[in-house]
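Chemist: For reference, the structure I am asking about is given below.
Please treat every number below as a calculation from the coordinates, not as lab data. Predicted, not measured: the structure shown is a model, and the values here were computed from it. Positions of Cβ are backbone-derived with ideal geometry, glycine not excepted, and every protein chain shown enters the neighbour counts.
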Amino acid sequence: MIKLHDGGAYLVNGTEIIPDNTEAQAAVTAKTGKTVTKQEAAQQTIAYGILKDHNTSGNMDKLKIKFDKLTSHDITFVGIIQTARASGLEKFPIPYVLTNCHNSLCAVGGTINEDDHMFGLTCAKKYGGVYVPPHQAVIHQFAREMLAGGGRMILGSDSHTRYGALGTMAMGEGGPELVKQLLCQTYDINMPGVVGVYLKGAPVKGVGPQDVALAIIGAVFANGYVKNKVMEFVGPGVSALSADFRIGIDVMTTETTCLSSIWRTDEQIKEFYEIHGRSEEFKELNPGQVTYYDGLIEVDLSAIKPMIAMPFHPSNTYTIEEVNANLADVLHDVEERAKVSLDGQVPYSLADKVVNGKFMVDQGIIAGCAGGGFENICAAADILKGRYIGSDEFTLSVYPASMPVYMELIKNGCAATILETGAVMKTAFCGPCFGAGDTPANNAFSIRHSTRNFPNREGSKLQNGQISSVALMDARSIAATAANKGVLTPATEFDGEFGKYKYHFDANIYKNRVFDSKGVADPSVEIHFGPNIKDWPKMVALTDNLVLKVVSEIHDPVTTTDELIPSGETSSYRSNPLGLAEFALSRKDPAYVGRAKEVQKAEKAREALISGESDVHPCAELPEIKAVMRVIKTQFPDLTHETFGIGSTIFAVKPGDGSAREQAASCQKVLGGWANIANEYATKRYRSNLINWGMLPFLIEEGELPFRNLDYLFIPDIKKAVEEKWDEITAYVVKDTLVPFTLRLGELTDEEREIILKGCLINYNRV
């Protein structure tokens with residue numbers, strides 16, 4: 001089904017794989033009559049060509065990328081624009097689309113959603129952007145329909161910014177990276193590796209894009225096969241897939257931890273652009289005659305079976321057939337995983353889901369950028385036709401990804417078919433994917449064609465003893481399960497026929513409702529500020545030395561951004577940095593915020609003492625710091641208030657999997673965080689978020705930690721270490737004496753070092 005090559009591989013004429021070994025060069029020459037070096041062949045990937053076209057550095061090893069377009073949604077665009085305004089923004093220099101698909105329902109404690117929406121609309125007018133009102137489209141569907149273009153690059157502030165199937169290399173990053181583009185700066189990365197995904201065969205009836213995606217994720221996530229690399233989809237199997245099918249696989253590549261994705265394009269993609277009235281945006285993309293990939297994933301589409309990603313991660317994959325055949329073993333495995341994911345905070349069992357030997361599901365959801373596509377919903381309608389979901393616990397909700405998709409489903413009758421079953425159809429909204437919609441009951445089990453199933457992401461609240469489970473499945477198998485009144489069922493058991501539905505895109509829906517400035521800014525427009533839309537607080541530059549208290553210690557194999565800052569109802573505080581920060585780690589370590597704020601009191605007292613605003617000593621705000629400083633000064637007697645900062649840090653084994661939301665880092669920063677310490681960072685985007693908020697992305701070797709939670713650390717000469725690019729930094733645990741240990745920062749660009757030194761990206765652009 002899935003084969004991972006141990007090393008790199010050559011692809012000849014787009015169809016023939018030659019593994020990279022001692023005989024590879026001779027084999028390539030024999031096939032082509034040409035002698036091609038590995039370096040030359042690596043420049044023949046589709047990805048290399050697009051990156052080269054967008055690189056401004058002149059050095060393809062050290063890229064400085066300028067994107068063609070930007071896009072954000074209403075969890076992120078207020079913070080992005082506020083950061084850019086504080087840094088001197090005058091107009092959007094490239095097309096910037098603001099969608100409103102995450103917080104389009106009622107507010108539950110923080111910013112009234114319409115306040116943020118009006119902020120977005122007035123900013124689109126003032127700075128020359130595009131504003132997509134609530135319920136019109138989820139961010140990525142709008143981008144597919146209206147923004148994507150062959151050979152182009154798009155940067156989005158949502159991690160699932162993936163439009164590779166349409167020939168667009170897209171990346172999801174934290175807000176500060178978009179700020180850089182708005183300030184005419186660049187996205188700086190080393191040339192990424194490119195991994196070929198060679199598709200062959202064709203899917204069997206009942207298998208959908210989520211099945212293929214989950215199979216790939218299950219094969220590559222744990223081993224990091226594609227981490228921070230570009231996945232390039234090639235091979236004859238590409239042409240066996242419709243545009244919608246490819247899009248459904250492509251959006252899920254984020255869950256592999258790859259950097260981006262790109263696909264070869266063909267007549268089906270050309271037709272996609274024609275349907276959407278943008279035929280000029282099509283560009284045929286293919287790898288060169290001889291192309292070298294840093295790794296290769298072979299996927300036999302015909303061997304893919306209906307899949308399920310069991311709680312609590314998209315990589316926890318099984319075939320549905322396997323789950324049903326081995327219920328006791330699989331459920332036990334999930335329960336064991338839950339002990340780690342949930343920290344044993346709540347009892348967790350799936351045993352009650354087995355009724356008469358069958359696994360019973362409580363809820364089905366088909367939604368968002370992954371599940372809400374036209375073909376997915378049409379296929380679900382075909383399976384559900386003439387069937388009923390029943391009047392018991394099981395519910396089914398369907399969210400078309402955009403109003404144009406919704407309208408076509410109404411016109412072709414699929415909407416009526418779904419509604420007749422007892423299911424509910426809702427508008428374009430990302431809520432079920434990030435914990436702000438269709439939160440299941442306690443102990444309920446939900447199957448979803450959406451992007452993630454992390455703990456809490458569906459809305460559970462561990463601190464209240466409430467936990468439910470989400471598994472990921474394809475819309476087809478969700479429909480088959482719904483038709484079977486909640487009994488877990490693969491769509492391959494559907495014995496009917498799937499219809500042939502032609503999609504017609506109605507551009508008038510957007511023309512009549514979406515605000516498009518056409519890139520023309522109007523400086524006279526006054527920005528609408530709701531009362532809970534707040535500026536970023538002042539942040540100080542990095543001090544010569546640091547005194548840090550460890551205020552959280554997390555030993556999960558991977559820590560998601562949803563655990564660092566929960567999504568769902570907490571995001572109603574998204575426009576208030578200090579208000580949102582109150583929820584940082586609230587479902588992972590509820591004591592974190594209080595601990596961080598106590599340490600921050602000492603730092604604020606130090607800053608006020610230096611500026612002459614107060615004569616209160618830091619020790620008065622945090623008495624325990626007195627003994628800490630006494631120990632430090634035995635070895636470093638020359639320390640003064642001017643030369644050291646006081647702050648907090650956390651340790652996590654591998655933080656940052658999941659969302660691109662910068663709040664995972666910024667919430668720590670506004671609470672006085674100076675650093676993270678990790679064995680590794682799960683994604684580039686989370687590490688970049690730390691850096692852009694002036695936080696030190698420390699690395700420490702795996703093994704027993706030299707410190708524990710609530711310990712104090714002293715890091716001398718940290719400013720000099722950043723300036724002089726030290727490979728290793730000697731830090732100390734403050735005990736009765738100073739106990740040394742070693743930290744590293746990893747590779748940093750000169751610009752990243754300057755951002756850290758200045759204290760954050762805002763300061764970097766102000767000073």
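Chemist: Among (1) 26.0, 81; (2) 28.4, 86; (3) 26.7, 86, which one is Rg and Dmax of the Cα atoms in Å computed from these coordinates?
Modeler: So the structure-derived entry is (1).
Chemist: Taking the mean number of other Cβ atoms within 10 Å as a proxy for protection, how do you rank 621-629, 4-12, 719-727, 424-432 from highest to lowest?
Modeler: Going from most to least packed, we get 424-432, 4-12, 621-629, 719-727.
Chemist: Provide I418, I2 in ascending order of the number of other Cβ atoms located within 10 Å of each residue's Cβ, fewest first. Walk me through the intermediate numbers first.
Modeler: Values: I418 26, I2 17.
Lowest count first: I2, I418.
Chemist: Taking a virtual spin label 7 Å from the Cα of S614 along the C-beta vector, which residues in segment 671-704 bring their backbone nitrogen under 16 Å of it?
Modeler: The answer is 671-672.
Chemist: Still on this model: Once you have the Cα-Cα distance between H332 and Q463, take 0.36 nm times their residue separation minus that, and quote the gain in nm to one decimal.
Modeler: Numbers: separation 131, 0.36 × 131 = 47.16 nm, distance 2.37 nm.
So the extension gain works out to 44.8 nm.
Chemist: Looking at the calculated P(r) for segment 53-140, what percent of the C-alpha pair distances fall above 16 Å?
Modeler: Details: 2208 of 3828 pairs.
Of the Cα pairs, 58 percent sit more than 16 Å apart.
Chemist: Could you give me the percent of Cα pairs per 5 Å distance bin for segment 156-288, shortest bin first, beginning at zero and ending with the bin that holds the maximum distance?
Modeler: 2, 10, 19, 22, 19, 15, 9, 3, 1, 0
Chemist: Tell me, V330, V234, V355 in order of fewest to most beta-carbon neighbours within 10 Å?
Modeler: Numbers: V330 19, V234 25, V355 10.
Fewest to most other Cβ atoms nearby, the residues stand as V355, V330, V234.
Chemist: In whole angstrom, how long is each semi-axis of the equivalent ellipsoid of segment 545-766, when you take the square root of 5 times every eigenvalue of its Cα gyration tensor and sort them from largest down?
Modeler: Numbers: eigenvalues 125, 82, 65 Å².
Calculated on Cα positions only, the semi-axes equal 25, 20, 18 Å.
Chemist: Also, quick follow-up: What net charge is computed for the residues neighbouring F429, neighbours being all others with C-beta under 13 Å from the C-beta of F429, Lys and Arg scored +1, Asp and Glu -1?
Modeler: Numbers: positive: K426; negative: D74, D438.
In short, -1.
Chemist: Oh, and also: If N is the number of residues in segment 234-292, what value comes out of its Cα radius of gyration divided by 2.2 N^0.38 Å?
Modeler: Values: Rg = 12.5 Å, N = 59, 2.2 N^0.38 = 10.4 Å.
With N residues counted in segment 234-292, Rg over 2.2 N^0.38 Å equals 1.21.
Chemist: Given a cut-off of under 8 Å on Cα pairs at least six residues apart, what relative contact order in percent is computed for segment 545-766? Numbers along the way, then the final one.
Modeler: Numbers: 421 pairs, mean separation 55.6, N = 222.
Relative contact order of segment 545-766: 25 percent.
Chemist: Further, regarding this structure: Output the Kirkwood hydrodynamic radius of segment 652-767, Cα pairs only, in Å rounded to one decimal. Let's see the in-between values first.
Modeler: Details: mean 1/r = 0.0680 Å⁻¹.
Here the Kirkwood hydrodynamic radius works out to 14.7 Å.
Chemist: Oh, and also: For D158, which sequence-distant residues (separation of 5 or more, or a different chain) have an amide H within less than 5 Å of its own amide H, given hydrogens modelled in the peptide plane?
Modeler: E173
Chemist: Work out Dmax and Rg for segment 1-71 from the C-alpha atoms and quote the Rg first, both in angstrom.
Modeler: Taking only Cα atoms of segment 1-71, I get Rg and Dmax of 15.5, 47 Å.
Chemist: Take peptides 52-64, 177-189 and line them up by average Cβ neighbours within 10 Å, highest first, as a rough protection proxy.
Modeler: Values: 52-64: 13.2, 177-189: 21.2.
Peptide ranking by packing, descending: 177-189, 52-64.
Chemist: Just to be sure I understand the curve: with the Debye formula and one point per C-alpha of segment 307-508, what is log10 I(q)/I(0) at q = 0.19 Å⁻¹?
Modeler: Each listed q maps to, in turn, -1.33.
Chemist: Explain nothing, just the number: dipole magnitude of the chain about its Cα centre with +1 on each Lys and Arg Cβ and -1 on each Asp and Glu Cβ, in debye rounded to the nearest 20.
Modeler: Working: 75 positive and 94 negative charges, 214 e Å.
The calculation lands at about 1020 debye.
Chemist: May I pose another question? So what is log10(I(q)/I(0)) for segment 477-517 at q = 0.20, 0.31 1/Å, when the Debye sum runs over its Cα atoms only?
Modeler: -0.67, -1.02
Chemist: Report, to the nearest 10°, how far helix 209-220 tilts away from the longest principal axis of the Cα atoms in the chain, using its own Cα long axis and a range of 0 to 90°.
Modeler: Result, in degrees: 50.
Chemist: OK, next. For N508 paired with V525, estimate the spin-label separation in nm (one decimal), with each label point 7 Å from Cα along the Cα-to-Cβ line.
Modeler: 2.6 nm
Chemist: Here is a further query. For S279, what is the net charge nearby, where nearby means another residue's Cβ is under 14 Å from its Cβ and Lys, Arg count +1, Asp, Glu -1?
Modeler: Details: positive: K270, R278, K283; negative: E145, E267, E271, E274, E280, E281, E284.
That sum, taken over residues with Cβ under 14 Å, equals -4.
Chemist: Once the piece of chain linking V355 and N21 is laid out straight, how much longer is it, given 0.36 nm per residue of separation minus the C-alpha distance between them?
Modeler: That pair, V355 and N21, stretches by 115.0 nm at full extension.
Chemist: Ok, one more. Counting only C-alpha contacts under 8 Å and six or more residues apart, can you give the relative contact order of the chain as a whole percent?
Modeler: Details: 1860 pairs, mean separation 112.3, N = 767.
This gives 15 percent for the chain.
Chemist: While we're here: If packing is taken as the mean number of other Cβ atoms within 10 Å per residue, what is the order of 159-166, 729-736, highest first? Present the calculation step by step, with values, prior to reporting the outcome.
Modeler: Details: 159-166: 28.1, 729-736: 17.2.
Per-residue mean Cβ counts within 10 Å order the peptides as 159-166, 729-736.
Chemist: Mind checking which lysines have their C-alpha under 28 Å from K502, skipping anything on the same chain fewer than 8 residues away?
Modeler: List returned: K200, K205, K270, K283, K305, K385, K411, K426, K511.
Chemist: Once amide H atoms are placed 1.01 Å from N in the peptide plane, what residues at a sequence separation of 5 or more from G673, or on another chain, have their amide H within under 5 Å of its amide H?
Modeler: S648
Chemist: With runs of 4+ DSSP H residues as the only contributors, calculate the mean residue ellipticity of the chain at 222 nm using -39,500 (n - 2.57) per run, divided by the residue total and rounded to the nearest 500. Numbers along the way, then the final one.
Modeler: Details: 29 runs with 245 residues, N = 767.
The helix-only estimate for the chain comes to -9000 deg cm²/dmol at 222 nm.
Chemist: For V290, what residues show an amide H to amide H distance below 5 Å, using hydrogens built from the backbone and excluding near sequence neighbours?
Modeler: Excluding prolines and chain starts, which carry no amide H, the hits are N13.
Chemist: Let me ask something else about it. State the dimensionless ratio Rg/Rh of segment 142-192 (Rg: radius of gyration of Cα atoms; Rh: Kirkwood radius). Before the final figure, lay out each step's value.
Modeler: Working: Rg = 11.1 Å, Rh = 11.5 Å.
Here the Rg-to-Rh quotient is 0.97.
Chemist: Among R595, R337, what is the fewest-to-most ranking by other Cβ atoms within 10 Å?
Modeler: With the fewest neighbours first, R595, R337 line up as R337, R595.
Chemist: Around R85, under 11 Å between beta carbons, what's the net of Lys plus Arg minus Asp minus Glu among the other residues? Can you show the working numbers first?
Modeler: Working: positive: K126; negative: E90, D535.
Local net charge: -1.
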